Amino acid sequence: QVQLMESGGGLVQAGGSLRLSCAGSGSIGSVNDMGWYRQAPGKQRDLVAVITRGGRTNYADSVKGRFTISRDNAKNMVYLQMNRLKPEDAAVYYCSADQTFPPRRYWGQGTQVTVSS
C-alpha cells in the first residue's frame, strides 16, 4: 500500500504562484511514475504533470512553461511549482503514484487551488 498526502493549496490571485507538495509513505519503493492531476467541478480528472523515478517529465500543454514538477526520491516527495496562475487553473489537485507491480495507481485526498481574477 502507498499513502499520499498533498499540501500547499489555497487561494491566489491570477498571475501568482503556489507550490504543491505530496508526501509518499508505505510501499513507496514500488512506485515509478508520480504525478499531479486536477479536477474542476463538473469536469473529468486530467493529467497536469508526471515525473518518472529517473526524473523524466511530461506536462499538459495548458501548463507547459508555467508549471514545474520535481521529485525528491530520498524524501519520497513530489512537488508542483505553479507560476503565472490563471483562473482556469482552479481545481482540486490530486497527487498520484503508479505502482509497477502489481500495476496500480494510488491517489492522495486532493488539495484545493482557487485562483481569483
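The values are calculated or read from the model by the stated rules, or taken from the named source; none is laboratory data. Owing to the predicted nature of the structure, the values given are computational and were not obtained by experimental measurement. So basically every Cβ, Gly included, is an ideal-geometry build from the backbone, and we count neighbours across all protein chains shown. Heavy atoms of the whole protein, side chains included, go into the accessibility calculation; ligands, DNA and RNA do not. Shrake-Rupley method; radii C 1.70, N 1.55, O 1.52, S 1.80 Å.
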Of R84, R66, R71, the only residue that is within 26 Å of S30 (Cβ to Cβ), of a type in the set (K, R) and touching a Lys or Arg at 6+ places or on another chain (Cβ under 9 Å) is R71
Check whether at least one residue in the range 53-60 is part of a loop (DSSP other than H, G, I, E, B) and among the basic types (K, R), and report yes or no.
-> yes
Output the qualifying pairs, or none if there are none: Cβ atoms under 9 angstrom, residues six or more apart or on different chains, first residue in the range 95-117 and modelled with pLDDT under 95, second residue open to solvent by 80 Å² or more (accessible area, probe 1.4 Å) and not aromatic (F, W, Y).
-> Q99/R105; S117/Q13; S117/K86
What residue, among those in the range 68-91 that are touching a strand residue (DSSP E or B) at 6+ places or on another chain (Cβ under 9 Å) and among the aliphatic types (A, V, I, L, M), is farthest from T114 (Cα to Cα)?
-> M77
Given the conditions (1) over 17 Å from Q99 (Cα atoms); (2) touching a residue at least 12 places away in the same chain (Cβ under 8 Å), every one holds for S30 apart from (1)
Long-range neighbours under 7 Å by Cβ, at least six apart or interchain, first residue over 16 Å from G15 (Cα atoms) within the range 57-81, second not in a strand (DSSP E or B) = R71/G55; N73/R53; N76/I28
Counting just the residues of the range 56-106 that are among the polar types (S, T, N, Q) and more than 18 Å from S21 (Cα to Cα), which one comes out surrounded by the most Cβ atoms within 10 Å (Cβ to Cβ)?
-> Q99
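Per-residue answers, yes or no, for (1) within 12 Å of the chain's Cα centre (by Cα); (2) surrounded by 14 or more Cβ atoms within 10 Å (Cβ to Cβ):
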| site | (1), (2) |
| --- | --- |
| S17 | no, no |
| S30 | no, yes |
| R38 | yes, yes |
| K43 | no, no |
| V48 | yes, yes |
| I51 | yes, yes |
